[in-house]
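Peer 1: Can you read through this structure? Questions will come right after.
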Amino acid sequence: MQRTALLAALTLSAIGSTAVADELNLYSSRHYDTDERLYSDFEEQTGITINRIEGNADELIARMEAEGANSPADVLLTVDTSRLERAKNAGVLQATDSDVLEDRIPASLQDSDNQWFGFSQRGRIIFYDKNELTDPPQTYADLADPKYKGLVCIRSSSNTYNQTLLASIITNQGAEAAREWAAGVVENMARDPQGGDTDQLRGIVSGECDIAVSNTYYFARAIRTDVEGVSDSRDMIGWVFPNQDTTGAHMNLSGGGVAAHAPHPENAVKFLEYLTSDSAQVYFSGGNDEYPVVPGVEISDSVKELGEFKADEVSLSDVAKNIPEAQKIFNEVGWK
């Protein structure tokens, strides 16, 4: 928190109060060192200097609200559909008219009002202990099957990835089916929800659970580089892309939009369009083990190792509208 506050203070002093034509003020909750390449490439290609403020997504959104029309923010970048929709509902984004964004990004991965756009994806899938399970769950619904009682590790209901997953189930199957599913998963939990996605994978390695739910890039990262408690034991971990015979695997977004009061709106659109370029899309995959949103772009070897799959093409703009209902259901079924 101190580091973020210091960085914010230093960056704000650099931004100053006067808009400069060759600058872009970026508020970002993506905390990946590999994103440095994205920023430096954009600066080299355009001559536009990026001034960055990094922080927690909710804090950045609240900050933009408080700054109002005086906000220096040009672009907000964050992870998960729920946070993108939260920013839209808070009034800190504006509609963007760009043929490049419309043509490059599938309609299902952008806001219906053009206020936010997805730039990279992660599948939220099922992992399991190959030494213990010969019949792992093949669908999200299977996670609620009583035969898996006491075997499932999954994050808390406050986690945005889980909120969006449940919201997608509401969108595809209705609220009652989603409620039954959430209640069944609670019954099947091996332990109270705790930690991040990597901790769910570590739960398989430690023997605390035989089944875990995680975003793909956490496991792909353990393939590409050394992740303590996962990489050395990843041969024991199998994975399933759920719902391959029906809707397909749920995809989680990282994305962004132009700030409502952007002092450099043209630069903001240039930056978002740059994020859809082949070079940037390749780097999302190679640098952070994500899936590109632009069809046909090459993916990294670590991501390729997970194999081909069918993705759910439900509109994430529609899914976002069901996130409040998802949180209500989590509370009702006692998902901690």
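The values are calculated or read from the model by the stated rules, or taken from the named source; none is laboratory data. A quick note: this is a predicted structure, and the numbers were derived from the prediction, not measured. Ideal geometry is used to build each Cβ from the backbone, glycine not excepted, and the neighbour counts take in all protein chains shown. SASA here: full protein model, heavy atoms, side chains in, ligands and nucleic acids out. Shrake-Rupley method; radii C 1.70, N 1.55, O 1.52, S 1.80 Å.
Peer 1: Hey, if you put +1 on the Cβ of every Lys and Arg and -1 on every Asp and Glu Cβ in the chain, which of A73, Y32, S168 ends up farthest toward the positive end of that dipole?
Peer 2: Final value for the positive-end residue is S168.
Peer 1: Given the DSSP H assignment, sum -39500 (n - 2.57) over each helix run of at least 4 residues in the chain and divide by its residue total; what's the result at 222 nm in deg cm²/dmol, nearest 500?
Peer 2: Values: 14 runs with 142 residues, N = 336.
Helices in the chain give a 222 nm mean residue ellipticity of -12500 deg cm²/dmol.
Peer 1: Here is a follow-up. With θ set to phi - 60° and the Karplus curve 6.51 cos²θ - 1.76 cosθ + 1.60, what are the ³J(HN,Hα) couplings of the range 158-172 in order, to the nearest whole Hz, using x for Gly and Pro?
Peer 2: Values, residue by residue: 7, 6, 5, 4, 5, 4, 6, 4, 5, 4, 5, 5, 4, 5, 7 Hz.
Peer 1: Something else about it: Only Lys, Arg, Asp and Glu count, each charged at its Cβ (+1, +1, -1, -1), so figure out the dipole size of the chain about its Cα centre, rounded to 20 debye. Write down the numbers at each step before the final one.
Peer 2: On the way: 27 positive and 54 negative charges, 159 e Å.
The dipole magnitude comes to about 760 debye.
Peer 1: Can you pull out the GluC sites (Glu not before Pro) in the range 82-154 whose DSSP state is coil and whose Cβ has at most 15 other Cβ atoms within 10 Å?
Peer 2: Those that pass, being in a loop and sparsely packed, are E132.
Peer 1: Under a 5 Å amide H to amide H cut-off, with H placed in plane at 1.01 Å, what residues pair with A73 once short-range neighbours are removed?
Peer 2: Placed amide hydrogens put nothing under 5 Å from A73.
Peer 1: Compute the distance from the alpha-carbon center of the range 17-90 to that of the range 183-260, in whole Å.
Peer 2: Each part reduced to its Cα centre gives a spacing of 27 Å.
Peer 1: Which sequence of H31, H261, H250 reflects their accessible areas, 1.4 Å probe, from the largest down?
Peer 2: Details: H31 110, H261 90, H250 5 Å².
Per-residue accessible area, sorted high to low, gives H31, H261, H250.
Peer 1: Rg to Rh for the range 60-193: what is it, with Cα atoms only and Rh by Kirkwood? Before the final figure, lay out the partial values.
Peer 2: Working: Rg = 18.7 Å, Rh = 17.5 Å.
Radius of gyration over Kirkwood radius for the range 60-193 works out to 1.07.
Peer 1: Here's a follow-up. List the residues whose amide H sits under 5 Å from the amide H of F119, counting only those 5 or more places along or on another chain, with H placed 1.01 Å from N in the peptide plane.
Peer 2: Result for F119 returns S254, G255, G256.
Peer 1: I126's amide H: which non-local residues (gap 5+, or another chain) put their own amide H closer than 5 Å, with H modeled 1.01 Å from N in plane and none for Pro or chain starts?
Peer 2: Counting only residues 5 or more places away or on other chains, the set is V240.
Peer 1: A further question on this structure: Find which of S82, L272, G184 sits farthest along the positive direction of the dipole of the chain, computed with +1 on the beta-carbon of Lys and Arg, -1 on that of Asp and Glu, about the Cα centre.
Peer 2: G184
Peer 1: Same structure again: Using the Karplus equation 6.51 cos²θ - 1.76 cosθ + 1.60 (θ = phi - 60°), what ³J(HN,Hα) coupling, rounded to whole Hz, does each residue of the range 278-287 give in order, writing x for Gly and Pro?
Peer 2: Calculated HN-Hα couplings, in order: 4, 5, 5, 5, 4, 6, 4, 6, x, x Hz.
Peer 1: Gaussian network model of the chain, Cα springs within a sub-10 Å range: biggest mean-square fluctuation belongs to which of T160, T216, T81?
Peer 2: T160
Peer 1: Got a number for carbon plus sulfur as a percent of the range 68-163's accessible area, 1.4 Å probe? Intermediate values should be presented prior to the final figure.
Peer 2: Working: 1480 of 3510 Å².
Whole-percent figure for carbon plus sulfur exposure: 42.
Peer 1: Near K130, which lysines are there with a Cα under 27 Å away, not counting those fewer than 8 places off in the same chain?
Peer 2: Candidates past the 8-residue exclusion: K147, K149, K304, K310.
Peer 1: Under a Cβ-Cβ cut-off of 12 Å, what is the net charge of the residues other than A190 that fall near it, where Lys and Arg count +1 and Asp and Glu count -1?
Peer 2: -4
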